[in-house]
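First comes the structure, then the notes that go with it.
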């Protein structure tokens, strides 16, 4: 007699029965957690897996959408980047211009002070220095056609710069007070003692001051009446009184120029006396 069920059919039957039993157990477990007001582990697992799947789907969808948007917007982005680069270049240029204008303010204010004290002075811009520093000479952009004359005094709002030693039609050369060949009449303002100011390459040496003069550091030294300057223009201040040699008839002192001669940009040429 042939059996009704085969071995394979029996395995399928056992599998179905087992699945039914597991499902029943899970249902009872869910029911028990529900009665006690708690969330079953099965619910937690199912919820977590579902959330993960939804997040993955959203991420993939967003990436695809973003990629499509990027491709669509690429020509516009290139144009926008070019515009921003141009604006950035323009802003840098304007910033450099403003910084340069700001750097010129002190020189302009200094020149305005000089112009106030010497209304007839000729404004000039420093356009060159002696490249080898063999002499302390600078070049300005005003010459004979502007009324500049040899031996005219040159000043800023702070004080004496030097005097004109060479004049061309469109430019002139100025010998500054610290040059070793520079000499000008000087006066110790406190006490009105006369002297001669001679350049030392870095400062000015006050020579032939009377032994009666009570010199001291900080004394103001001004110009005496002479060929290049009227009296009273500040040369600088005494920074050192030199020891007096025995039997000497005069004394000397070192003067720090009032003008920073290493950073000149604008000067005023005094009208020829």
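Going by what's in this entry, would residue 141 be described as in contact with a strand residue (DSSP E or B) (Cβ under 6 Å, 6 or more places away or on another chain) and either touching a residue at least 40 places away in the same chain (Cβ under 8 Å) or surrounded by fewer than 13 Cβ atoms within 10 Å (Cβ to Cβ) (or both)? No: the conditions fail for residue 141.
Residue-by-condition table, conditions (1) at pLDDT 95 or above; (2) within 40 Å of the chain's Cα centre (by Cα); (3) surrounded by fewer than 17 Cβ atoms within 10 Å (Cβ to Cβ):
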| site | (1), (2), (3) |
| --- | --- |
| 213 | no, no, no |
| 235 | yes, yes, no |
| 238 | yes, yes, no |
| 266 | no, yes, no |
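Taking the stated definitions as given, is residue 218 on the phi > 0 side of the Ramachandran plot and within 37 Å of the chain's Cα centre (by Cα)? When the stated conditions are applied, residue 218 passes them.
Each row is one residue, and each column tells you yes or no for (1) in a helix (DSSP H, G or I); (2) at pLDDT 70 or above; (3) over 23 Å from residue 178 (Cα atoms).
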| site | (1), (2), (3) |
| --- | --- |
| 72 | yes, no, yes |
| 109 | yes, yes, yes |
| 119 | no, yes, yes |
| 123 | no, yes, no |
| 135 | no, no, no |
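Would you check if residue 222 is within 29 Å of residue 142 (Cα to Cα), assigned to a strand (DSSP E or B) and out of contact with any helix residue (DSSP H, G or I) (no Cβ under 7 Å at 6 or more places or on another chain)? Considered against the rule, which asks whether it is within 29 Å of residue 142 (Cα to Cα), assigned to a strand (DSSP E or B) and out of contact with any helix residue (DSSP H, G or I) (no Cβ under 7 Å at 6 or more places or on another chain), residue 222 comes out as yes.
A single entry from 184, 261 fulfils the requirement of being closer than 12 Å to residue 160 by Cα and part of a loop (DSSP other than H, G, I, E, B): 261. Just one of the numbered conditions (1) at pLDDT below 95; (2) closer than 15 Å to residue 229 by Cβ is not true of residue 182: (1). Can you say whether residue 195 is under 29 Å from residue 270 (Cα atoms), over 38 Å from the mean Cα position of the chain (by Cα) and crowded, with 16+ Cβ neighbours inside 10 Å, as far as the supplied structure shows? Against the criterion (under 29 Å from residue 270 (Cα atoms), over 38 Å from the mean Cα position of the chain (by Cα) and crowded, with 16+ Cβ neighbours inside 10 Å), residue 195 qualifies.
The values are calculated or read from the model by the stated rules, or taken from the named source; none is laboratory data. What you see is a predicted model; the values in this text were computed from it and never measured. Note that we place each Cβ from the backbone using ideal geometry, even for glycine, and neighbour counts take in every protein chain shown.
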